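Asks: Please find one structure pasted underneath; my questions will follow.
Only the coordinates and a few stated rules stand behind these numbers; no lab work does. Note that the structure is a prediction, hence the values are computed from the model and not measured. We place every Cβ from the backbone using ideal geometry, glycine too, and count neighbours over all the protein chains shown.
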């Protein structure tokens, strides 16, 4: 049953899936807690323009997609920090424009064999050796950055304004977080696809959120669910001959459903209990 | 560090606008070190904006703000001497963090990037929690607290900074009377220890009991001075733009704001203005 692991492409896809399952989940925790899902989606869609441009110029597609996504992330961040245009409106405009540009560029490439479907929905076969190395490098970069600024990212996700008040560079860290989202999206494109990558970022973190009240544990559980979804989805994709992105995302969604059922809506219940018991006095010396 | 002067906060003809909406107009206000200042005014009068301007979160379009002698655009290390208690509604109660984590965040600015909190930082956070009477709830998730307890966590976070100036935005909102009583007692203690306090409140009665100075704000500064001198019915009317009067329940003066200026509410005298009249 697992003899497919004898194929090099499958080994590469498996390593890539484990990697992106973990990284998407870690970044997803911040995306879920800071309500950045729509921004993430925008960045992912915008990368399509970068992929098409890469084809046209003959660059490595991950590289050109990374460039495009980073620029989009910074653009969205800048617009969202000024208030002339509403943030969601800006994202809507940005990502549609970038996708349209991608379609135009792909149109110019007639005659080339472009695996459009694979880019949009993921393809097990698509991961090349060079892609794997570049992904691993970028993934390491994301993990190290999250590790270095762990406490600051937690702070700006919880209360960005207070972070700024006590002298944490909240604005710079927000841009950095958007950049990490962009890199995460780019790493995941080959396996999950542009359209579905956002789900692999958001769903495992959202499932973990149902199961725990503890931040480090939420991150751990999210990584577990993310990796499990990516690996299980990959095998399903091979056996059922469906797009790997779709198989991975549906597995994650299933796990999210289970998590929601297992979560006994504890948060609400506990909060009500606390309200009821409230009568403690201040101990102001 | 900046040269020490007598002023904690100096605002010179400060105007703040959001687009075309003017939130503060030509506000000049000086707060002496160690003073307890209450800022009162109706909703939308710019009270919160005033605090945010002092914190450097909002840039004035005109005027000058200095905090502990440093211009607000370049607060630098002065930031680490300010404690801020935002409105309770600003906090996401479902966020998966524990009480002690939240209080510790107050020290992140001083800790600096790429460093982990030290034992001393944890000690300061625990001391701040003990100060507000929540020492035994350090390990609770913030969603498991009542509104009053959460408010105290926010105050503990501001105290963990070990601030010289404490700025509070409606700290008694959503808190029962017993708890708010002990809140004001705590502020009183901090005041006696020499911490400068700027507190935004809509409760004129309470403010007049505890503070040294009161500032009535309604976009512009209506008046600023000692509560017993400035809190007359006329001033409050001017500030709130409608008929207003003080009522007394026991020792606690309350303010009642009428719907219309010209309706001729019979203005009863507040204890403060009674004292004033008796002095004359």
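Asks: Taking each residue in B:99-108, count the Cβ atoms of any other chain within 10 Å of its Cβ, then average. What number comes out? Can you show the working numbers first?
Replies: Values: counts 0, 0, 6, 4, 0, 2, 10, 4, 1, 10.
The per-residue average across the peptide is 4.
Asks: Still on this structure, please answer the following. Ranked highest first by average number of other Cβ atoms within 10 Å, how do A:27-37, A:69-79 line up?
Replies: A:27-37, A:69-79
Asks: Relative contact order of segment A:103-220, please, whole-number percent, based on alpha carbon pairs below 8 angstrom and at least 6 residues apart.
Replies: Working: 74 pairs, mean separation 42.1, N = 118.
Contact order relative to length: 36 percent.
Asks: In addition: Kirkwood Rh over alpha-carbon pairs of segment B:103-162, then Stokes-Einstein at 10 °C and 1.306 mPa s: what D in µm² s⁻¹, rounded to an integer?
Replies: Stokes-Einstein gives a translational diffusion coefficient of 137 µm²/s.
Asks: At q = 0.11, 0.19, 0.23 Å⁻¹, what log₁₀ I(q)/I(0) does segment A:42-119 have when each alpha carbon counts as one equal point scatterer in the Debye sum?
Replies: -0.29, -0.74, -0.97
Asks: Per residue, how big is the convex hull around the C-alpha atoms of segment B:1-43? Give it to me in cubic angstrom, could you?
Replies: Numbers: hull volume 4.7 nm³, N = 43.
So the per-residue hull volume is 109 Å³.
Asks: Most exposed first by the Cβ proxy, i.e. fewest other Cβ within 10 Å, how do B:169, A:214, A:3 rank? Before the final figure, lay out the partial values.
Replies: Numbers: B:169 22, A:214 15, A:3 7.
The fewest-first ordering by Cβ neighbours comes to A:3, A:214, B:169.
Asks: Mind ordering A:184-195, A:118-129, B:63-74 by average Cβ neighbours within 10 Å, highest first?
Replies: Details: A:184-195: 28.8, A:118-129: 20.3, B:63-74: 17.8.
Packing order, densest peptide first, comes out as A:184-195, A:118-129, B:63-74.
Asks: Rank the residues A:43, A:181 as a footprinting-exposure proxy: fewest other Cβ atoms within 10 Å of their Cβ go first. Could you put the intermediate results ahead of the total?
Replies: Details: A:43 33, A:181 28.
Least to most surrounded, the residues fall as A:181, A:43.
Asks: If you average the alpha carbon positions of segment B:86-124 and of segment A:206-233, how far apart do those two centres end up, in angstrom?
Replies: Segment B:86-124 and segment A:206-233 have Cα centres separated by 24 Å.
Asks: Same structure again: Report the Rg/Rh value for the protein assembly as shown, based on alpha-carbon coordinates and the Kirkwood definition of Rh.
Replies: Dividing the radius of gyration by the Kirkwood radius yields 1.07.
Asks: Over all directions, average the projected area of the Cα convex hull of chain A and note it in nm².
Replies: 18.3 nm²
Asks: Determine, for A:236, A:109, B:168, B:137, the number of other Cβ atoms within 10 Å of each Cβ, and report the residues in order from fewest to most. Display every interim value, and only then the final one.
Replies: On the way: A:236 17, A:109 12, B:168 25, B:137 20.
By the 10 Å Cβ count, ascending, the order reads A:109, A:236, B:137, B:168.
Asks: I'd like the mean, over residues of A:150-159, of how many other protein chain beta carbons sit within 10 Å of each residue's own Cβ. Working shown, then result.
Replies: On the way: counts 2, 10, 7, 0, 6, 8, 1, 3, 9, 10.
Shielding by partners across A:150-159 averages 6.
Asks: What are the extents of the Cα atoms of segment A:160-254 along their three principal axes, listed from largest to smallest and rounded to whole Å?
Replies: Here the spans come out as 54, 28, 14 Å, largest first.
Asks: Once the principal axes of the Cα atoms of segment A:129-206 are found, what is the range along each, listed largest first in whole angstroms?
Replies: 45, 24, 17
Asks: Could you tell me which of rounded, prolate or oblate describes segment A:88-153, using a ≥ b ≥ c as the square roots of the eigenvalues of the alpha-carbon gyration tensor, with rounded for a/c under 1.5 and, failing that, prolate when a/b is larger than b/c and oblate otherwise?
Replies: Working: a/c = 3.31, a/b = 1.36, b/c = 2.43.
Oblate, because a/c is 1.5 or more while a/b does not exceed b/c.
Asks: Now, a different point. Can you tell me what share of the DSSP beta bridges in the protein assembly as shown is antiparallel? A percent to the nearest 5 is fine. Walk me through the numbers before you get to the answer.
Replies: On the way: 27 of 44 bridges.
If we restrict to bridges inside the protein assembly as shown, about 60 percent are antiparallel.
Asks: A further question follows. Kirkwood Rh and Cα-based Rg: tell me the resulting Rg over Rh for segment A:1-83, rounded to two decimals.
Replies: On the way: Rg = 16.4 Å, Rh = 14.9 Å.
Looking at segment A:1-83, the ratio lands at 1.10.
Asks: While we're looking at this one, here's another question. Computed over the Cα atoms of segment B:1-147, what is the ratio Rg over Rh, Rh following Kirkwood? Numbers along the way, then the final one.
Replies: On the way: Rg = 17.7 Å, Rh = 17.5 Å.
So for segment B:1-147, dividing Rg by the Kirkwood Rh gives 1.01.
Asks: So what is the diffusion coefficient of segment A:11-150 in µm² per second by Stokes-Einstein at 25 °C and 0.890 mPa s, using a Kirkwood Rh over Cα pairs?
Replies: Working: Rh = 16.2 Å.
Estimated diffusion coefficient is 151 µm²/s.
Asks: Let me have the 222 nm mean residue ellipticity of the protein assembly as shown computed from DSSP H runs of 4+ only, each contributing -39500 (n - 2.57), with the sum over all residues rounded to the nearest 500. Working shown, then result.
Replies: Details: 22 runs with 317 residues, N = 565.
Value at 222 nm, helices only: -18000 deg cm²/dmol.
Asks: Residue by residue through B:76-82, how many Cβ atoms from other chains fall within 10 Å of the Cβ on average? Intermediate values should be presented prior to the final figure.
Replies: Numbers: counts 1, 1, 1, 5, 2, 0, 3.
For peptide B:76-82, the averaged partner shielding equals 2.
Asks: Ratio of segment B:127-237's C-alpha Rg to 2.2 N^0.38 Å, to two decimals? Kindly include the intermediate steps, with their values, before the conclusion.
Replies: On the way: Rg = 15.3 Å, N = 111, 2.2 N^0.38 = 13.2 Å.
This ratio for segment B:127-237 stands at 1.16.
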